[in-house]
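The values are calculated or read from the model by the stated rules, or taken from the named source; none is laboratory data. Model, not experiment: these values are computed from the prediction. Note that we place each Cβ from the backbone using ideal geometry, even for glycine, and neighbour counts take in every protein chain shown. Side chains included, ligands, DNA and RNA excluded: accessible areas come from the protein's heavy atoms. Shrake-Rupley method; radii C 1.70, N 1.55, O 1.52, S 1.80 Å.
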Amino acid sequence: MPTSTLAPGAPGIRPTWTSSAKDLVTTALGGSRVWVTMGFGIVNEIYWPATGTPQIRDLGFIVAGPAGWSEVKRVAQYTVTVPQPYVPLPRVVHEGEGWRLEIELLPAPLRDAVLVSYKLVGEGARLYVLLSPHLGNSGVGNNARAGADLVAWKDDNALCLVNDTGFARASAGYVGVSDGWQDFNRNGRMAWTYDEALDGNVALMGELATSEGLLALGFSEHVEGARTLARSSIAEGYDTLRQRFIQDWEDWGRKLVIPAGSLAVEREAYISAVVLKVHEDRSFPGSIVASLSVPWGNASDSSGGYHLVWARDCVEAGLALIGVGEVEDAVWMLCYLIATQRDDGHWSQNTFPDGRAFWDGIQLDEVGFPIVLAAKLAEQGALTGLGGVEAMVRRAVRYLVNHGPVSAQDRWEENAGISPFTIGIEIVALIAAAEFLAGEERAYALALADHWNERIEDWTYVADGPFAQAHGVAGYYVRLGPAVMDGGLRGRINVKNRSGEWVEAAALVGMEFLYLVRLGLRRADDPRILDSLKVAEALLRVETPQGTAYRRYNGDGYGEKEDGSPFDGSGIGRAWPLLAGERGHFDLLAGRDPLPWLETMARMTGPAGLIPEQVWDGPAIPERMLAPGRPSGSAMPLVWAHAEFLKLLIAREKKRPLERLASVEEHLANGAGQAAAWYWRPDTPFDALPKGRELMVDMGEPFTLHMGFDGWHGVADRKSSPLPFGRHGVRLGAADLAGHHSLEFTLYMADEGRWEGRDQRIALAS
């Protein structure tokens, strides 16, 4: 057979059907290190040896017969079933003109291999397997060889596809030029039998010798190892491996503590628990990627996609797992977070499962969430014997107090400022951290949390505002308050997914404020919360045939374009089922049953119950497989959304959110709603001090406070004293401030030998 000599990686014309939307995700619970995704009824990405590294783009089939040939995923007439909602063993039945194809996908419990049983029924029908290697998370520089087995390799990544009855013919080609699909498209049959294709974007095809049999795909550092794993998996016997796989998942599923709900909700709860479990890594226990998918499939060349670890998503999943009784998994997640914390106390925006940073942004909610997880596990009595928890908490607190409350990114990873969601997590984290601190550090963390809590509205709530009059409210929380240097609430925000358009901060509304109620920082009947909800309902609520969901914020551009084409840096933000869960949590705290929100989330799923990041909220576009209220091309499944579903179901039973910490409730119940001292900092200044408060001028380096009262009378200098966590401050107590109407001051920075260069004035309430 000749070698394929056509250009490596040449552009092709094959229609792209690889999508981020998955039918199902699965893995075995043994020592195997493969994670498998399915979409359009075929195998999509397979990850090995960790959840951050996809090794193939897809493994699918062509059926050829008297009526012509079809690629089964393009026929798209199939059903997916599993033995139990908590046993992710997918059986797929495809139907085409004159044929029926049954496949079952089984990750080997002990080996790095995946087995696919197949049975084709149809007069004169022949079956061909298509395999697209994407070794080491890239289609570049792959090598493929076709012989008795189908193999591919690049660097220290290799795979081998074995058929128990052998291949009648096989071929290796370049994608878009000499691959198997191109062969059928041009010739109407398998006409090419190339031995190998080297150093390019390659693909393999094999004609299966029989209409019923077993495929095994092994992964290893070398082709020989991959072949050994594939062949030994076949040798052990499919029925034996299948029984072990089912038994392992059934044993796990029966231990889950799933609250009662409707049948659809309970089924979705089991599926959600499975999704969280499947996304856990075994090479790096405790890491959990956000999704075994890449949003909008082939429209993105990102090597990260969503198969990365975000500390926020990791903790959200950990809290949900605690709720369903999988406390040990949450402990592993805490251990992972301890290990991946940076020396200065923060966590990278996201990382590969091994801890290597991918994006380098910093989100302060991701610094606070690990403290929340530690505190929740402490409530469960699950920290016994763990090492490094207190040190982790202390480092995280140090970072929060030195860099908060202004976050370099909000939870949507787009803008700097103060978000109600992020500041809420920061405050709760500082309060919860007090249980791990002592002395002056404990007092400082609590005092700063009280001050930030009291000032949330100063930073994130607008009285009047452009939407107030139209919706009959006194004011509302904004999506994000810019930093003082950027104009604060009178500033503007660069909406990055709208070609850098600048929008007034007061003109952007999100759902972030609901977390203030969820965390216990504000009451559900707070007029400011209710007014904000009225505005959010008017601007963000989306009605679909499956129920109600919400957009992230008005004018969001993260989603498909109007014609359904993929997001490419701009688009139209679509409705998020996750936010229906957040809305449901608010209803629970307002005294209403959140079951309708759970049922809505369960209806907005894919064929096998996976919850997407977004659902399509425009008119149906059948040619793009977009239907109102159904998954869009965004990430699916979204671990965060499945965690939200479970947490809402658990909160419904417990009558309280999982994020509601006992230590926070106790602190706030003890009258800590009013801060004893206000902390003046250059990035969060204030021009008036309420009556009865002390004043702390708080800086990150030593300084001298040059001050006077009532128009610079009684000028004096005070040197700062060390505060916890590397801060420095000058405290002015009641005796210092008594009888005065204003304080004027400026700062001399001792280490730098320079004056601040501007005068400050604070009005003192009498």
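Over all other residues within a Cβ to Cβ distance under 11 Å of GLU414, the charged ones net out to +2, with Lys and Arg as +1 and Asp and Glu as -1. Computed over protein heavy atoms with a 1.4 Å probe, the carbon and sulfur contribution to the accessible area of the chain reaches 50%.
Per residue, the solvent-accessible area of segment 597-712 (1.4 Å probe, heavy atoms of protein chains only, all protein chains present) comes to 34 Å². Relative to the longest principal axis of the Cα atoms of the chain, helix 327-340 runs at roughly 70 degrees. For the chain, the longest principal axis of the alpha carbon atoms and the long axis of helix 420-433 meet at an angle near 80°. Average accessible surface for segment 384-541: 35 Å² per residue, computed with a 1.4 Å probe over protein heavy atoms with every protein chain in place. Annotation: aspartates and glutamates with alpha-carbon distance below 20 angstrom to LYS73 (same-chain offsets under eight excluded): ASP23, GLU45, ASP58, GLU95, GLU97, GLU102, GLU104, ASP179, ASP183, GLU207, GLU212, GLU623. Fully extending the segment from ASP525 to ALA76 would add 156.8 nm, taking 0.36 nm per residue of separation and subtracting the current Cα-Cα distance.
If you average the C-alpha positions of segment 35-107 and of segment 484-540 separately, how far apart do those two centres end up, in angstrom? Cα centroid of segment 35-107 versus Cα centroid of segment 484-540: 43 Å apart.
Of the GluC sites (Glu not before Pro) in segment 82-186, the ones in a loop by DSSP (not H, G, I, E or B) with at most 16 other beta carbons within 10 Å are GLU97, GLU123. Between ALA538 and ALA620, the modelled label-to-label distance comes to 3.3 nm, taking each label 7 Å out from Cα in the direction of the beta carbon.
Report the full-extension gain for the segment ALA357 to THR165: residue separation times 0.36 nm, less the Cα-Cα distance, to one decimal in nm.
Working: separation 192, 0.36 × 192 = 69.12 nm, distance 4.42 nm.
Answer, rounded to one decimal: 64.7 nm.
Cβ-Cβ distance of SER262 and GLN380, R₀ of 22 Å, FRET efficiency by 1/(1 + (r/R0)^6): the value works out to about 0.20. Rounding to the nearest 10 and keeping the result within 0 to 90°, find how far the Cα-based axis of helix 439-454 lies from the longest principal axis of the chain. In the chain, helix 439-454 runs at an angle near 90 degrees to the longest axis. The length gained on full extension between GLU701 and ALA339, counted as 0.36 nm times the residue separation minus their Cα-Cα distance, comes to 127.4 nm. An oblate overall shape is assigned to segment 135-180, the ratio a/c of its alpha-carbon gyration tensor axes (a ≥ b ≥ c) being 1.5 or greater and a/b not exceeding b/c.
Give me the percent of DSSP beta bridges within the chain that run antiparallel, rounded to the nearest 5.
Percentage antiparallel, nearest 5: 95.
Taking θ as phi - 60° and the Karplus parameters 6.51, -1.76 and 1.60, the scalar couplings of segment 306-319 work out to 9, 7, 9, 9, 9, 4, 4, 5, 4, 5, 4, 5, x, 5 Hz in sequence order, x denoting glycine and proline. Of the trypsin sites (Lys or Arg not before Pro) in segment 657-766, the ones in a loop by DSSP (not H, G, I, E or B) with at most 11 other beta carbons within 10 Å are LYS691, ARG758.
When the square roots of the Cα gyration tensor eigenvalues are ordered a ≥ b ≥ c, the ratio a/c for segment 699-766 is 1.5 or more and a/b does not exceed b/c, which makes its shape oblate.
Under the combined filter of DSSP loop state and at most 11 neighbouring Cβ atoms within 10 Å, segment 236-326 retains these trypsin sites (Lys or Arg not before Pro): LYS255. For the chain, the mean projected area of the C-alpha convex hull, equal to one quarter of the hull surface, is 34.2 nm². Per residue, segment 285-380 exposes 26 Å² of accessible surface when a 1.4 Å probe is rolled over the protein heavy atoms with every protein chain present. Specify whether the C-alpha gyration tensor of segment 103-249 places it in the rounded, prolate or oblate class, a ≥ b ≥ c being the square roots of the eigenvalues: rounded for a/c under 1.5, otherwise prolate if a/b is larger than b/c and oblate if not. The shape class here is oblate. Among the listed pairs LYS154/LYS277; LYS654/LYS691; LYS496/LYS719; LYS496/LYS534; LYS534/LYS647, those with a Cα-Cα distance over 32 Å are LYS654/LYS691; LYS496/LYS719.
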